[in-house]
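Here is the structure we will look at, set down as structure tokens.
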Amino acid sequence: MQRSKNDIWVGLFVLIGAVALLFMALQSANLLSLNFQKTYAVAAKFDNIGGLKPKAAVKSAGVVVGRVDHISFDDKTFQARVTLALESQYHFPKDSSLKILTSGLLGDQYLGIEAGADDKNLAAGDVISSTQSAVVLENLISQFLYSKASDSATSGSDKSAQGKP
């Protein structure tokens, strides 16, 4: 009788530990976010969202003020439409702007919102028009290599035009 009672307590303790580990893993992978704050939905359109994912943080001044709720493709404008769930305790002017930023050199991408100066605040259903797309590292490298190749081609033609090898 005593042994089976101890087995039940040990089993319960192991089960609670496993649930806690699962919760921490989902929380750290940004797959689970328990937030009981009321939110309002705001949309924005981007030319390129890079690696932005649903549930990504929306930050202002380094503070998380919301989450990316939904990402879809608009086949009329050929842009990505990102729907944000901003916490209702935070209010931003209508002329605020959004940027897709990266935490660290190769970290996760998140949205940074910069407050504007308009008297009216964003409300549910509004669309933020001032957006800056994600910086794609591959595009930057190719632009750098292309500019170096064109510089070396023009400097090589300058030397041959002067009669120097």
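The values are calculated or read from the model by the stated rules, or taken from the named source; none is laboratory data. Everything numeric in this text was worked out from a predicted model, so none of it was measured. Because the Cβ atoms are built from the backbone with ideal geometry, glycine has one as well, and the counts that use them run over all protein chains shown. For the accessible areas, the whole protein counts, side chains as well, though only heavy atoms, and no ligand, DNA or RNA atoms are used. Shrake-Rupley method; radii C 1.70, N 1.55, O 1.52, S 1.80 Å.
So what is the relative contact order for the chain, in percent, with contacts set as C-alpha pairs under 8 Å and at least six apart?
Relative contact order here is 22 percent.
For every helix of n ≥ 4 consecutive DSSP H residues, a contribution of -39,500 (n - 2.57) applies; sum these over the chain, divide by its total residues, and give [θ] at 222 nm rounded to the nearest 500 deg cm²/dmol. Spell out each step's value before the answer.
On the way: 2 runs with 52 residues, N = 165.
Rounded to the nearest 500, the figure is -11000 deg cm²/dmol.
Classify segment 1-159 from the C-alpha gyration tensor, please: rounded if a/c falls under 1.5, else prolate or oblate depending on whether a/b exceeds b/c. Note, shape of segment 1-159 comes out oblate.
Grab the beta carbon distance between Val14 and Leu106, set R0 = 45 Å, and tell me the FRET efficiency rounded to 0.05. Spell out each step's value before the answer.
Details: r = 37 Å, r/R0 = 0.81.
So the FRET efficiency works out to roughly 0.75.
Ligands, DNA and RNA left out, the accessible area of the chain computed with a 1.4 Å probe is 60% carbon and sulfur.
With a threshold of 27 Å on the Cα-Cα distance, the over-threshold entries among Lys59/Lys94; Lys38/Lys99; Lys76/Lys99; Lys55/Lys76; Lys38/Lys76; Lys55/Lys94 are Lys38/Lys76. Our estimate of slack between Phe23 and Asp119, defined as 0.36 nm per intervening residue step minus the Cα-Cα distance, is 30.4 nm.
Peptides 98-110, 3-15, 58-70 ranked from most to least packed, by the mean per-residue count of other Cβ atoms within 10 Å: 58-70, 98-110, 3-15.
Using a probe of 1.4 angstrom and keeping all protein chains present, the accessible surface of the chain works out to 70 square angstrom per residue.
Binning all Cα-Cα separations of segment 84-156 at 5 Å, short to long from zero, yields these whole-percent fractions: 3, 13, 17, 16, 12, 10, 9, 7, 6, 4, 2, 1, 0.
May I ask you to derive the FRET efficiency for Val136 and Val64 from their Cβ-Cβ distance with R0 = 25 Å, giving the value to the nearest 0.05? Display every interim value, and only then the final one.
Values: r = 24 Å, r/R0 = 0.98.
Efficiency, rounded to the nearest 0.05: 0.55.
Have a look at the DSSP beta bridges in the chain and tell me what percent are antiparallel, nearest 5.
Numbers: 27 of 34 bridges.
Within the chain, antiparallel bridges account for around 80 percent of the total.
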